[in-house]
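Only one structure is covered here, and it is reproduced in the block below.
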Protein chains: 2
Amino acid sequence: MASIRSLLPRGSNRLLTRQPPAQCLAAQRRTYATPNLQAPDASDPKLKAIDVSQLHITKTTTPKALTPHNELVFGRTFTDHMLSLEWTAGEGWLAPRITPYQNLSLDPATCVLHYAFEAFEGMKAYKDKSGQVRLFRPDKNMARLNRSSARIALPTFDGAKFIELLKEFCRVEERFIPSARGYSLYIRPNIIGTQRTLGVGPPGSALLYVIASPVGPYYPTGFKAISLEATTYAVRAWPGGVGASKLGANYAPCVVPQMQAAQRGFHQNLWLFEDVDPATGEKEDFVTEVGTMNLFACMVDKATGQKELVTAPLDGTILEGVVRDSILALARERLVPEGWKVSERRFTMREVAAAAAEGRLLEVFGSGTAAVVAPVRSIGWKGELIGCGLPEDREVGEVTKRMKDWIEGIQYGEEEHEWSVKV
Amino acid sequence: MASIRSLLPRGSNRLLTRQPPAQCLAAQRRTYATPNLQAPDASDPKLKAIDVSQLHITKTTTPKALTPHNELVFGRTFTDHMLSLEWTAGEGWLAPRITPYQNLSLDPATCVLHYAFEAFEGMKAYKDKSGQVRLFRPDKNMARLNRSSARIALPTFDGAKFIELLKEFCRVEERFIPSARGYSLYIRPNIIGTQRTLGVGPPGSALLYVIASPVGPYYPTGFKAISLEATTYAVRAWPGGVGASKLGANYAPCVVPQMQAAQRGFHQNLWLFEDVDPATGEKEDFVTEVGTMNLFACMVDKATGQKELVTAPLDGTILEGVVRDSILALARERLVPEGWKVSERRFTMREVAAAAAEGRLLEVFGSGTAAVVAPVRSIGWKGELIGCGLPEDREVGEVTKRMKDWIEGIQYGEEEHEWSVKV
């Protein structure tokens with residue numbers, strides 16, 4: 001078992017500098033304050049905020065050769081530089097640095113390696129036809145990273161300031177941003193706890209850094225619809241858990257179910273949440289998300305005949321995807337006038353299976369930064385294979401394709417939109 | 001969103017070397033195999049096993065000064081050396097090395113830093129009166145580390161071989177093992193995924209390493225009973241989750257609730273699991289574990305008057321503590337003949353509160369490697385403070401004290417027992 005520092009009778013308080021002094025025992029209290037799930041000093045105003053003017057840039061003396069477009073693999077080759085900001089509980093955010101891409105030198109006791117003090121983001125920089133570099137809704141990534149970081153007692157930061165630094169980083173790495181449609185620079189902000197002790201407690205220091213990898217289109221020769229295995233033996237997230245946060249902790253436990261699905265011939269696994277359906281009083285498999293994407297279904301309402309685009313609600317068990325949010329907004333703006341209903345609501349595998357059996361399941365797709373959308377051909381569930389409405393000779397449904405075109409149109413600046421932020 | 005490598009239409013398979021080739025779609029299958037939650041090649045017999053004879057030792061040329069006993073802080077100062085074993089998906093376990101304690105040089109894309117590919121153990125080496133160094137039930141730690149590692153697609157290993165290496169490491173670090181009762185060398189085996197790519201999948205390489213920190217007794221001047229706040233707004237683990245595994249992923253999300261409890265004057269938080277009690281059909285708060293320890297309660301049965309030692313069962317949501325297991329075994333051997341009942345069963349906060357109100361709650365304690373046992377004075381639950389049976393002027397209950405004496409007696413070789421393994 002790991003130690004509990006607050007149990008230590010002697011010397012231990014020197015470690016736990018961020019814990020408030022023990023107050024009166026709660027015997028006197030009869031109600032608890034509504035919890036605010038972040039460390040008390042995560043955004044302490046007495047500490048230094050990010051200071052963009054302090055940015056120091058050290059350019060590499062050995063620039064890398066660009067990887068040919070047809071050899072780009074997601075997250076495998078990286079640009080020349082990285083952006084780093086150190087934080088300490090005593091000082092706050094230290095001066096930002098852009099340096100040559102380089103290894104981190106970490107004490108083997110560093111808390112990120114033992115207790116998963118790590119939260120990340122995935123975002124992309126695009127180059128439009130005029131050569132202008134653009135980010136897609138970076139404010140959403142910054143807000144989520146702050147929420148994720150605070151949830152595990154890591155510090156928060158000023159997202160607008162960090163976007164300024166990201167822009168500068170993109171300018172430095174501009175030659176790595178491919179200009180062809182579908183190509184982009186995948187940007188990975190990551191924050192890790194760097195305290196070098198084994199006590200389990202709030203890290204007294206952290207490192208927020210950014211690396212970037214040029215990536216090609218998911219579908220250079222057109223869409224490939226995927227098959228999913230609904231996982232009934234493992235559960236990704238739970239009410240009161242951390243499934244809504246983009247924490248490293250949510251990823252490693254998901255890989256074995258993904259491999260199990262692959263062994264049975266599926267491309268990905270689909271995460272369910274078994275719960276009692278208040279409407280029937282029976283246990284049902286609620287659909288949550290797929291692999292590392294959110295999931296959407298297009299179904300025809302049995303009673304009304306209305307088309308519905310449905311995805312699971314943000315109830316704390318679902319990752320708050322930026323593309324998910326964008327799809328919902330575009331659907332409300334552009335599909336609702338065509339007669340569609342757009343729903344964030346719980347829905348069950350039984351409902352999906354019934355819609356499929358009755359020809360009411362039009363299409364299903366995943367959404368995420370990497371692929372934008374991923375069409376789904378079939379879902380394996382309790383030994384049955386549910387067809388998701390895609391004809392044998394097609395790889396993508398109409399709504400899925402339109403969503404991809406709309407979002408990419410905005411990302412590549414073909415449609416001017418407030419979501420696309422010029423660097 | 002992170003990428004799904006198996007979605008990538010091109011080049012991606014080069015990364016996913018550990019994934020079996022796509023087989024027939026599962027359309028033909030109507031039943032799924034019972035899942036074995038580890039990576040398919042976690043213990044591939046074609047790969048190299050740990051070879052103790054290959055151990056290479058490089059001694060430090062700058063030995064550290066020993067920290068005075070009264071300045072020892074858990075997990076803060078470390079010994080001169082570390083033990084390391086690299087693993088690759090292509091070769092298996094490479095030659096073990098004992099080297100000077102040194103920083104790890106990690107690419108900023110290394111998967112442990114992004115997706116929490118990390119699992120660890122906590123164990124101790126003790127020096128008995130004759131100077132003999134001893135480990136306590138190391139086979140249990142090895143079995144658990146293998147289970148934890150496999151659960152996140154990291155490799156497994158031969159525990160007996162690794163214990164041989166641990167013994168050699170203890171011999172090298174023998175001068176750091178304090179000889180006084182209550183002092184010991186805390187040993188931290190840790191396994192991390194070291195693949196340097198951002199694709200979410202089974203790591204193609206890993207590092208298993210061991211560091212060690214001399215530690216003092218939790219209670220050099222006697223026990224201090226702690227107070228717990230039962231956490232009703234966050235959940236540590238759930239059925240189908242990874243709460244039974246000693247993963248980094250289980251720790252970072254627990255720190256903010258621990259800090260919140262501290263802000264309200266409690267030493268630690270107590271994790272609950274809300275579920276329907278089949279006996280009553282009502283939702284109840286089931287007691288699971290405390291902070292980083294398992295929890296035991298001693299209660300008098302209302303109907304029979306029999307004394308019962310109770311702890312939550314290993315249902316997948318509870319960490320399988322080595323001290324927990326030892327307490328249960330000793331209780332069955334030594335308390336049952338005195339008339340006690342020993343139970344691994346679900347129990348609720350309502351049951352604990354009722355026992356307290358009726359004078360039937362004798363004592364409560366946590367158990368773990370760091371403290372062995374930690375007596376509990378009170379539990380805050382939904383605004384009430386439940387006294388745990390300890391008189392104002394006492395810091396430890398009778399069973400808690402006996403358990404500590406029994407287990408420490410075995411750990412320090414005062415009682416010869418198969419659990420104590422000589423180095």
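The values are calculated or read from the model by the stated rules, or taken from the named source; none is laboratory data. As the structure is a computational prediction, the values presented were derived from the model and not from experiment. With ideal geometry, Cβ positions are generated from the backbone for all residues, glycine too; neighbour counts draw on all protein chains shown. For the accessible areas, the whole protein counts, side chains as well, though only heavy atoms, and no ligand, DNA or RNA atoms are used. Shrake-Rupley method; radii C 1.70, N 1.55, O 1.52, S 1.80 Å.
Worth a mention:
- Residue B:100 vs. criteria modelled with pLDDT of 95 or more, surrounded by fewer than 17 Cβ atoms within 10 Å (Cβ to Cβ) and either under 30 Å from residue A:145 (Cα atoms) or out of contact with any Asp or Glu (no Cβ under 6 Å at 6 or more places or on another chain) (or both): yes
- Test: residue in the range A:147-157 that is touching a strand residue (DSSP E or B) at 6+ places or on another chain (Cβ under 6 Å), more than 13 Å from chain B (Cβ to nearest Cβ) and in contact (Cβ under 8 Å) with a residue 40 or more places away in the chain: no
- Strands (runs of 3 or more DSSP E) fully within the range B:72-146 counting 2 or more residues that are within 11 Å of another protein chain (Cβ to nearest Cβ): B:81-88, B:104-106, B:118-120, B:123-127
- Beta carbons closer than 9 Å, at least 6 apart along the sequence or on distinct chains, pair a first residue in the range B:352-369 that is open to solvent by less than 10 Å² (accessible area, probe 1.4 Å) with a second that is among the acidic types (Asp, Glu) for B:366/B:289.
- With respect to the stated conditions, residue B:211 fails to be surrounded by 21 or more Cβ atoms within 10 Å (Cβ to Cβ) and more than 8 Å from every other protein chain (Cβ to nearest Cβ).
- When residue B:58 is tested against (1) at pLDDT below 95; (2) open to solvent by 50 Å² or more (accessible area, probe 1.4 Å); (3) hydroxyl-bearing (Ser, Thr, Tyr), only condition (1) is not met.
- Among the residues of this structure, residue B:397 does not count as one that is open to solvent by less than 30 Å² (accessible area, probe 1.4 Å) and within 23 Å of residue B:314 (Cα to Cα).
- Residue, nearest to the other protein chains (Cβ to nearest Cβ), within the range B:186-208, restricted to residues that are of a type in the set (S, T, N, Q) and open to solvent by 10 Å² or more (accessible area, probe 1.4 Å): B:197
- Number of the exception - residue A:44 against (1) open to solvent by less than 60 Å² (accessible area, probe 1.4 Å); (2) assigned to a strand (DSSP E or B): (2)
- Residues in the range A:296-308 that are buried (at least 24 other Cβ atoms within 10 Å of the Cβ) and more than 14 Å from chain B (Cβ to nearest Cβ): 3 in all.
- Meets criteria (without any contact (Cβ under 8 Å) to a residue 40 or more places away in the chain, of a type outside the set (A, V, I, L, M) and open to solvent by less than 10 Å² (accessible area, probe 1.4 Å)) for residue B:138: no
- Filtered by the rule that a residue be among the hydrophobic types (A, V, I, L, M, F, W, C) and more than 20 Å from residue A:170 (Cβ to Cβ), the range A:77-92 gives A:87, A:89.
- Considering residues of the range B:61-94 that are among the polar types (S, T, N, Q) and open to solvent by 30 Å² or more (accessible area, probe 1.4 Å) only, the residue farthest from residue B:217 (Cα to Cα): B:88
- Scope the range A:217-246; condition modelled with pLDDT of 90 or more, surrounded by fewer than 21 Cβ atoms within 10 Å (Cβ to Cβ) and of a type in the set (Val, Ile, Thr); matching residues: A:232
- Some residue of the range A:142-163 being among the basic types (Lys, Arg), open to solvent by 20 Å² or more (accessible area, probe 1.4 Å), under 24 Å from residue A:411 (Cα atoms) and modelled with pLDDT of 95 or more: yes
- Every residue from the range A:222-237 that is facing another protein chain (nearest Cβ under 7 Å) and assigned to a loop (DSSP other than H, G, I, E, B): A:224, A:233, A:234, A:235
- Residue that is farthest from the chain's Cα centre (by Cα) [pool: residues in the range A:154-188 that are part of a loop (DSSP other than H, G, I, E, B) and polar (S, T, N, Q)]: A:179
- If the condition is being closer than 22 Å to residue A:370 by Cα and more than 14 Å from every other protein chain (Cβ to nearest Cβ), then the range A:277-295 contributes only A:287.
- Members of the range A:244-276 that are more than 7 Å from chain B (Cβ to nearest Cβ), more than 17 Å from residue B:114 (Cβ to Cβ) and touching a strand residue (DSSP E or B) at 6+ places or on another chain (Cβ under 8 Å): A:257, A:261, A:269, A:270, A:271, A:272, A:273, A:274, A:275, A:276
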